[in-house]
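The values are calculated or read from the model by the stated rules, or taken from the named source; none is laboratory data. Just so we're clear, the structure is a prediction, and the values are computed from it rather than from any experiment. Methodologically, a virtual Cβ is constructed for each residue, glycine included, from the backbone with ideal geometry; neighbour enumeration extends over all protein chains shown.
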């Protein structure tokens, strides 16, 4: 009988069997999984110990024998440990002793790893021993400071306990790398929420409480920005994700108007000319605005939350056209261009989000076009602002809003009075699928790919449902700033269910994914970008995810969304686990990282226009979170090139980030791209690596980071988009 006949016979014989997994799940028997395990065991054995010159044929023969033995022993269902017993018996009877030993050792190692993951003592020992993957897991946490060390210790304990709390099959899938349950150091150990759009307007206009202080509404823009920074610090200590000040120019304009009115009153007493009085009032108000926005920038960058890091904060602006709004926008950009301190270092936070809109600031003649020009200049020197394209964001998400923190977008939602509501809404967490693993397990069989994807989506749904259920267990007293004092909009009373703020689509919970490029590479090869069939496959994958989350939303009443994960260390973790399992696979595991979300392969060099055209179809299928990047050479002398890309992107993508070298050496004056070293980065002119006299800033997924000061895990900054070959000239 041929190899094909053996496989077909085995598949027919076992097609009626159901496998009972250790966590209680029921799955259809798939003999290909046994053959994959056998292949791994054969690969683990030295060649001189293998008893056959044709291991693949032996694997097929042994697999058929195993299938036949299972069918003979079991009817209807078979437990996973019973399958393993048959595999071991068949290997021993066939005389494949070394292979049997490798198979058993691998299983035992996995059992030990599973047990260690939930062992609090083992978790803490990894931190004490300064395990690099633990200490430097987050690029914006400085593991040298005490409060970060305390948070890392609590996080390791939280992860160990959290894995015990998760449904068994979800914990198993996370540990194996089938999916990733994000932020295990905080959730589910605590029923915390993820990221949010804080209701600053409601809090500032009606007052709020922090600790023992009842804070009254501000009477100046300086007080308003001081209150904003305090709110950010407290909110960030009560959740684990980022937060956003949406449309800050329009938010703060009424408080700047109070300054203007005061200065007009002062001018009435001291200045005779009406024209001079208005000039006096405006000049003093302009200074107040600059001082207030500069204070906000410094306060955010000097804050440390209870989790040992600067709050992950974003600030959206750009749509206000009044004089006060324009002055606030101008101050934000000019302060960012000037930099922090005497040296003018690049501020890491807040992330700046400048909104482009036709008729407002898009082209010459628009009332705020001069602000757009300033925003372009700022991006060439400081990478921020990223840009939000108003019309496209509305098209993709249903209404306009800035993302919550990095890239998580709320969908359009109306309150009980029919008003579109953005502020005071939140995300309940993310679970990310390892798409490349599904492609590798499929071994070129698309039907099998869809079957495995379907199974993984069932597990992901259970994981996300658990996130919702755990968040609902919080009580208002757990996080007063969120639930009682207005950050989440509606103010709850003691005894109210926090679920009032989550259900009926008010909150989102996100199905993330990673490695769409690698999925297509598995079926079409690494150079698939211009292959229509390959592109269609990737769109079908995201379309399938979107269909499933819509069904979950209709079924549960909670808004599930598809989210292009900012994978950070996950780009390495998934790839490392899959390399251990499948070996080095060209254009997939051999790179040492997986490609974030739907991005173009970072090793290729399209023009920014080609890249944006290629990626434009994806974001509407991943509306719960998305961002596009283009990586450029130094842009300081060519701002019009960047503006040309922004203009091209307007009709194509909703959210675009700039990645350009902005490193600076204060010893020799070099400005550009530092050279990577084994321990960080060095000035290419003088070799300076001292973080005290150089400023190295890189994209670390959605935010900027200082890798010179906080070393990143290898591959952390690989979400950067493809390098650009051609730019339009100024």
Restricting attention to region 455-479, which residues are without any contact (Cβ under 8 Å) to a residue 24 or more places away in the chain and under 30 Å from residue 517 (Cβ atoms)? 458
Would you call residue 354 buried (at least 22 other Cβ atoms within 10 Å of the Cβ) and at pLDDT below 95? no
Just give me the residues in region 401-430 being surrounded by fewer than 22 Cβ atoms within 10 Å (Cβ to Cβ) and in contact with a helix residue (DSSP H, G or I) (Cβ under 9 Å, 6 or more places away or on another chain), in sequence order. 411, 412
Out of all the residues in region 674-689, is one or more in a loop (DSSP other than H, G, I, E, B) and touching a helix residue (DSSP H, G or I) at 6+ places or on another chain (Cβ under 8 Å)? no
Tally of residues being touching a strand residue (DSSP E or B) at 6+ places or on another chain (Cβ under 7 Å) and farther than 20 Å from residue 521 by Cβ across region 445-479: 8
Can you give me the number of residues within region 495-511 that are in contact with a helix residue (DSSP H, G or I) (Cβ under 9 Å, 6 or more places away or on another chain) and either closer than 30 Å to residue 591 by Cα or free of Cβ contacts under 8 Å to residues at least 24 places away in the same chain (or both)? 4
Kindly establish whether residue 264 is surrounded by fewer than 18 Cβ atoms within 10 Å (Cβ to Cβ) and in a loop (DSSP other than H, G, I, E, B). no
From the residues in region 309-343 that are touching a strand residue (DSSP E or B) at 6+ places or on another chain (Cβ under 8 Å) and in a loop (DSSP other than H, G, I, E, B), which one is farthest from residue 353 (Cα to Cα)? 343
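Okay, residues lined up against (1) closer than 18 Å to residue 315 by Cα; (2) touching a residue at least 24 places away in the same chain (Cβ under 8 Å):
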| site | (1), (2) |
| --- | --- |
| 348 | yes, yes |
| 358 | no, yes |
| 386 | yes, yes |
| 392 | no, yes |
| 395 | no, yes |
| 419 | no, no |
| 431 | no, yes |
| 453 | no, yes |
Hey, can you tell me all the residues within region 74-96 that are over 19 Å from residue 33 (Cα atoms) and in a helix (DSSP H, G or I)? 92, 93
Check every one of the helices (runs of 4 or more DSSP H) wholly within region 344-451 and list those with 1 or more residues that are over 18 Å from the mean Cα position of the chain (by Cα) and within 28 Å of residue 300 (Cβ to Cβ). 369-382, 390-397
Run down 278, 272 and say which single residue is part of a loop (DSSP other than H, G, I, E, B) and surrounded by fewer than 19 Cβ atoms within 10 Å (Cβ to Cβ). 272
Out of all the residues in region 575-610, which are assigned to a loop (DSSP other than H, G, I, E, B), in contact with a strand residue (DSSP E or B) (Cβ under 8 Å, 6 or more places away or on another chain) and either free of Cβ contacts under 8 Å to residues at least 40 places away in the same chain or surrounded by 21 or more Cβ atoms within 10 Å (Cβ to Cβ) (or both)? 594, 595, 597, 598, 599
Qualifying positions in region 617-635 - surrounded by fewer than 17 Cβ atoms within 10 Å (Cβ to Cβ) and more than 18 Å from residue 545 (Cβ to Cβ): 633, 634
Taking interchain pairs and intrachain pairs at least six residues apart, which have beta carbon atoms under 8 angstrom, with the first residue in region 268-282 and on the phi < 0 side of the Ramachandran plot and in contact (Cβ under 8 Å) with a residue 12 or more places away in the chain and the second surrounded by 10 or more Cβ atoms within 10 Å (Cβ to Cβ) and not in a helix (DSSP H, G or I)? 277/271; 280/271
Checking the condition touching a residue at least 24 places away in the same chain (Cβ under 8 Å) and farther than 30 Å from residue 233 by Cβ, which residue from 542, 482 passes? 542
If the Cβ limit is 9 Å and pairs must be 6+ apart or interchain, which residue in region 640-659 that is on the phi > 0 side of the Ramachandran plot and surrounded by fewer than 24 Cβ atoms within 10 Å (Cβ to Cβ) pairs with which residue that is in a loop (DSSP other than H, G, I, E, B) and at pLDDT below 95? none
By residue number, the members of region 60-86 that are surrounded by 17 or more Cβ atoms within 10 Å (Cβ to Cβ) and either in contact (Cβ under 8 Å) with a residue 60 or more places away in the chain or under 40 Å from the mean Cα position of the chain (by Cα) (or both) are 78, 83
In region 501-528, how many residues are over 17 Å from residue 560 (Cβ atoms), part of a loop (DSSP other than H, G, I, E, B) and within 21 Å of the chain's Cα centre (by Cα)? 1
